[in-house]
Amino acid sequence: EVFKAITDRFPNVSVIGVREVLQNVSRNLSRLGTTFSVMAGLALVVSLLVLSGALSADQHRRLHDAVIFKVCGAARRDIVFCFTYEFLFIGLFAGAIAAVAGGLAAWGILTQLMDTTFTVYPAVILTTLGASILLTLILGLLGTWKALGQSPSFYLREN
């Protein structure tokens, strides 16, 4: 009724329903947020695949190292300890690269595309580093466990 009364009295005035406009804006922002979440999820999956591929590509060297360590008298615990340090540094390095690249991408999107401010969240950076280290340790040690179970004589006969 109010819209009709205003447009009847002032024919040159256009009445716009703010509720509908805000609903459209909210729906579009929600879709944009969903799109960014899906893109982030895909990037995470792809990065995990790349990390697991890189770890498995180096598996032959780790098997060789484990055999040499065993022949030299190292205990299984010592070999796991060495590999744990290796995976820890790989995970730390991968997490640092992910945090820097993600931060730069977020800064670019927020400041250049969305014209808003960028805020660094240390908890997100620490979570990224922790998840990267943990996943690298788990994937790496699972892949290396097979190498530690083989006897040195079998490997030396094969090579």
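Coordinate-derived values only; no laboratory data. Treat the numbers as computed from the prediction; the structure is a model and nothing was measured. In this analysis, Cβ positions are derived from the backbone assuming ideal geometry, glycine residues included, and neighbour counts consider all displayed protein chains.
Label points 7 Å out from Cα along the Cβ direction at V2 and I109: separation in nm?
Here the answer is 3.8 nm between the modelled labels.
What residues qualify as long-range amide H neighbours of A74, i.e. H under 5 Å apart, gap of 5 or more or another chain, H built at 1.01 Å from N?
The list, which skips near neighbours in sequence, is empty: none.
By how many nm would the segment from S47 to E20 grow when fully extended, if each residue of separation counts as 0.36 nm and the alpha-carbon distance is taken off?
Full extension from S47 to E20 adds 5.7 nm.
Under the 0.36 nm per residue contour assumption, what length would be gained going from the current alpha-carbon distance of A101 and C72 to full extension?
Contour length minus Cα-Cα distance gives 6.3 nm.
In whole Hz, what ³J(HN,Hα) sequence does region 6-22 give by Karplus (6.51, -1.76, 1.60; θ = phi - 60°), x for Gly and Pro?
5, 5, 5, 6, 10, x, 8, 9, 9, 9, 10, x, 5, 4, 5, 5, 5
Under 20 °C and 1.002 mPa s, how fast does the chain diffuse according to Stokes-Einstein, given a Kirkwood radius computed over C-alpha pairs? Answer in µm²/s, whole number.
Answer from the Stokes-Einstein relation: 105 µm²/s.
Considering the dipole of region 45-158 built from charges on the beta carbon (Lys and Arg +1, Asp and Glu -1) around the Cα centre, which of S153, F87, L129 is farthest to its positive end?
S153
Taking the Cα centre of the chain as the origin, how large is its charge dipole in debye, to the nearest 20, when only Lys and Arg (+1) and Asp and Glu (-1) carry charge on their Cβ atoms?
Dipole size: approximately 340 debye.
Using +1 on the beta carbon of Lys and Arg, -1 on that of Asp and Glu, and nothing else charged, what's the dipole of region 14-97 about the Cα centre, debye to 20?
Using Cβ point charges on Lys, Arg, Asp and Glu, region 14-97 gives about 180 debye.
From the phi of every residue in region 66-73, what ³J(HN,Hα) in whole Hz does the Karplus formula 6.51 cos²θ - 1.76 cosθ + 1.60 yield, where θ is phi - 60° and glycine or proline is x?
Once rounded to whole Hz, the list reads 4, 5, 4, 4, 5, 4, 7, x.
Can you find, among A57, L22, V67, the residue farthest towards the positive end of the dipole of the chain? Put +1 on the C-beta of Lys and Arg, -1 on that of Asp and Glu.
Ranked along the dipole, the leading option is V67.
Tell me, what ³J(HN,Hα) does each residue in region 120-126 have, in order and in whole Hz, if you take phi through Karplus 6.51 cos²θ - 1.76 cosθ + 1.60 with θ = phi - 60° and put x for Gly and Pro?
Values per residue, Gly and Pro as x: 8, 10, x, 5, 5, 5, 5 Hz.
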